[in-house]
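Below is one structure; the comments refer to it alone.
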Amino acid sequence: MFITKRHLPRRTVLRALGVTVALPWLESMVPALTALSKTAAAPARRLGVFYVPNGMAMRYWWPNAEGAVKELPPTLRSLQAYKDQVLLLGGLANADAANNTTPAGDHARSAGTFLTCVPFRAITDANVVAATTMDQLAAQEFSKETQLASLELGLESAAMLGACDGASCSLTNTIAWSTPTTPLPIDNDPRSLFERLFGLSGSTDPAARLARIHRDRSILDFLTDQLAQLDLQLGPTDHARFEEYLQSIRDVERRIQKAEEQNSRELPVVDQPMGVPSDYGEHAVLMMDLLALAYQTDLTRVSTFMLAREVSSRAYPEIGVSDSHHPLSHHQNEAAKLERLHKINEYHMQQFAHLVGKLAAIPEGDGMMLDHTLLMYGTGISDSNTHFHDDLPIAVIGGKAAGVTGGRYVRYADGTPLANLEVTLLDKLGVHVEKFGDADGRLNNLGDQMLSDV
């Protein structure tokens, strides 16, 4: 790290005509007199939880043996370049998802308890009592320092209302609950998310939004004078980093505008908001890039991301799978169906791998942004045909600066509560809770420093 006498406040933002642009972490934000202090110089830690529905083709998920992993298994091979940042965890179970004493089906219980690890009470189709989710416990703490407490993102519409899989659709639409009775709806519209991060959200009227498409100026053009003045304050390293960041904003904006222009030439699509690309992969990459920008600017440190909602029946013809996802997940151990289900699982992982690559390429502090970010990837069902909720497919990616050591496959005793992992991740984020869900201890062996069970 190169320290100068220049100093920019960590929360510096640029504003003009409804545009708000926060700055990424820059060396100029480390005061010269406190540069040697880890507290002053350390970048923030972050949390991201990524959920995939309908279980997994499990034979493609697990490595052959415990210990060091040289080659990631087929579902995760798109993460091979980041293998040393991937920690696979076996033996974890969510007993509350297996609890069938409520009218809710397995899918509703899987998503509805994934980040609470407590049973919920479905009083009516639209009235559910659950618990505050693990991500929101972190958000409550980190929101003291950020503009947005958290982001709840997804790639399918959460407009389903009423009953889904025997319970309120809120249980399949989201995995994040800010209180026991308040589900947080996901945002799947790139334009909506972009405006939430950078402003210019003057109207939600489609006509007004389309009018903005045809304006010649990018939002950054409103900030020309401020950008020029800031550039004079930056050293060579910060200058290059800031230019890359601005280019990322322009690129994301251009892609959103392109998607909106394409949508404006087509007939309206039910449940598809303006600005949502019709191609799943394009949509996923765009949302992942926006999430990376939100992390980079410290607008938020907490996010959840549903790559599809539970009971999703989306087909993926672009990868040669014309079957609807949910029916296909009931594969009855037929080899051909398992192979097609694996293709969907791997395709989801490829979208997530794009974000991992972005975070692994952004310098931050004495490492990369991925080092300071804990990403949890998984689902509430293991074998999708039997709807098992034990030996869940769970991976933790990143978090090197928080003491997580990847490149390994670690197994715990069968039936170890998933809540044990979630409370351990909270510990590593500096958010300590005495009791969470059905946790009966912390997990050891996540990193170089072993945690003792409690």
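Is it the case that some residue within the range 317-325 is within 24 Å of residue 108 (Cβ to Cβ) and of a type in the set (A, V, I, L, M, F, W, C)? There is no residue in the range 317-325 that is within 24 Å of residue 108 (Cβ to Cβ) and of a type in the set (A, V, I, L, M, F, W, C). You will find that of 217, 255, 191, the residue that is closer than 30 Å to residue 51 by Cβ, among the charged types (D, E, K, R) and modelled with pLDDT under 80 is 255 and no other.
Residue-by-condition table, conditions (1) closer than 24 Å to residue 97 by Cα; (2) part of a strand (DSSP E or B):
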position	(1), (2)
308	yes, no
327	yes, no
333	yes, no
338	yes, no
345	yes, no
375	yes, yes
401	no, no
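Residues that are β-branched (Val, Ile, Thr) and either farther than 23 Å from residue 75 by Cα or at pLDDT 95 or above (or both) within the range 383-433 comprise 394, 396, 397, 404, 405, 410, 416, 423, 424, 431, 433, listed in sequence order. The one condition from (1) over 20 Å from residue 359 (Cβ atoms); (2) at pLDDT 95 or above that residue 4 does not meet is (2). Could you say whether any residue in the range 426-446 is among the hydrophobic types (A, V, I, L, M, F, W, C) and in a helix (DSSP H, G or I)? There is at least one residue in the range 426-446 that is among the hydrophobic types (A, V, I, L, M, F, W, C) and in a helix (DSSP H, G or I).
Somewhere in the range 349-371, is a residue over 15 Å from residue 291 (Cβ atoms), within 23 Å of the chain's Cα centre (by Cα), acidic (Asp, Glu) and in a loop (DSSP other than H, G, I, E, B)? No, the range 349-371 has no match at all. Taken over the range 132-149, the criterion of being surrounded by fewer than 24 Cβ atoms within 10 Å (Cβ to Cβ) and assigned to a loop (DSSP other than H, G, I, E, B) is satisfied by 132, 143, 144, 145, 146, 147, 148, 149. The sole residue among 417, 393 that is in contact with a Phe, Trp or Tyr (Cβ under 9 Å, 6 or more places away or on another chain) and of a type outside the set (Lys, Arg) is 393.
The values are calculated or read from the model by the stated rules, or taken from the named source; none is laboratory data. For clarity, every value in this text was computed on a predicted model and none was experimentally measured. Please note: Cβ atoms are built from the backbone with ideal geometry, for glycine as well, and neighbour counts cover all protein chains shown.
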